[in-house]
1. Could you list, in sequence order, the residues of region 1-24 that are at pLDDT below 60, in a helix (DSSP H, G or I) and not β-branched (Val, Ile, Thr)?
2. Identify, from the list 197, 189, 193, the residue that is of a type in the set (A, V, I, L, M, F, W, C), open to solvent by 40 Å² or more (accessible area, probe 1.4 Å), within 25 Å of residue 89 (Cβ to Cβ) and touching a residue at least 40 places away in the same chain (Cβ under 8 Å).
3. So for region 155-173 (the condition being of a type in the set (Asp, Glu) and open to solvent by less than 20 Å² (accessible area, probe 1.4 Å)), does at least one residue qualify?
4. How many residues does region 55-82 hold that are surrounded by fewer than 16 Cβ atoms within 10 Å (Cβ to Cβ) and either closer than 26 Å to residue 193 by Cβ or more than 17 Å from the chain's Cα centre (by Cα) (or both)?
5. Might you check whether a residue that is surrounded by 12 or more Cβ atoms within 10 Å (Cβ to Cβ), charged (D, E, K, R), at negative phi and free of Cβ contacts under 8 Å to residues at least 60 places away in the same chain occurs anywhere in region 126-134?
6. So, in region 138-179, exactly how many residues are under 21 Å from residue 85 (Cα atoms) and touching an Asp or Glu at 6+ places or on another chain (Cβ under 8 Å)?
7. Out of all the residues in region 107-145, which are within 22 Å of residue 29 (Cβ to Cβ) and more than 17 Å from the chain's Cα centre (by Cα)?
Amino acid sequence: MLATLKGYFFPERIRSRVELARFVSGEASYVAQRSTYEFSRNTLAWYGQAAFGDPKFNEAFAVCRWEAFAALAADMMTILRFFLDAGPEFDPALLQVHADVLGEYPAPVHRPDGWGDRHAALLGRFAGTTSSHRPDLKAMGHRTGLLIHECAPARSKNAEEERAVLAAAATFGLISFSDRLPKRLDRAALRVALRHAA
């Protein structure tokens, strides 16, 4: 039991590409689930119980959650690139981590051809910036919040406020992720692992 508690409060530092992909996947999944579920529940108010019992609604909700997951995973890879000070030579390895994150689960029903467009978009994002360029977490959160709103299964008439709420939720999640990196990642070991994987 003490070992379990120690692992919870003092987790081992992440040193490998596999561990890094698992970490990003878990973080992106958590933020995507929290932001999409809370937004939908708050928008629907007391209609939410009935809506989440409707298979058609759940299909639409799943699409939104998956798309949020993919967008947040890409944002987190951009943050990691800066944290690791990973120059262009690391980009292939980081792109593979991104592919590992999105490929951890079978492709969702609405994406029978997988996530190729998201992978290409991240490649374009890497090509357009240097690893020394500090990511603008607020801008990323705003962009991802807009994406979530576009595919949300329930919306009210106040789109501007809803987008602001989702942008804040995504931004907060990205800030939290960024703040945990120094304690969770073994930066030197990961640079070595990614260099060998590239």
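The values are calculated or read from the model by the stated rules, or taken from the named source; none is laboratory data. Only a predicted model underlies this, so the values are computations on that prediction, with no experimental measurement involved. Quick reminder, even Gly has a Cβ in these numbers, built from the backbone with ideal geometry, and neighbours come from all protein chains shown. Ligands, DNA and RNA are stripped out before the accessible areas are found, and what is left, the full protein with its side chains, is counted by its heavy atoms. Shrake-Rupley method; radii C 1.70, N 1.55, O 1.52, S 1.80 Å.
1. Once the filter is applied, which keeps residues that are at pLDDT below 60, in a helix (DSSP H, G or I) and not β-branched (Val, Ile, Thr), region 1-24 yields 2, 3, 5, 6, 7, 8, 9.
2. After applying the criteria, what remains is 197.
3. Yes, region 155-173 has at least one match.
4. 4
5. No, region 126-134 contains no residue that is surrounded by 12 or more Cβ atoms within 10 Å (Cβ to Cβ), charged (D, E, K, R), at negative phi and free of Cβ contacts under 8 Å to residues at least 60 places away in the same chain.
6. 3
7. Residues satisfying the conditions are 109, 110, 111, 112, 113.
One line per residue, one yes/no per condition, for (1) of a type in the set (Phe, Trp, Tyr); (2) farther than 28 Å from residue 60 by Cα; (3) in contact with an Asp or Glu (Cβ under 8 Å, 6 or more places away or on another chain); (4) in a helix (DSSP H, G or I):
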site: 86; (1), (2), (3), (4): no, yes, no, no
site: 91; (1), (2), (3), (4): no, yes, no, yes
site: 94; (1), (2), (3), (4): no, yes, no, yes
site: 100; (1), (2), (3), (4): no, no, no, yes
site: 112; (1), (2), (3), (4): no, no, no, no
site: 122; (1), (2), (3), (4): no, no, no, yes
site: 130; (1), (2), (3), (4): no, yes, no, no
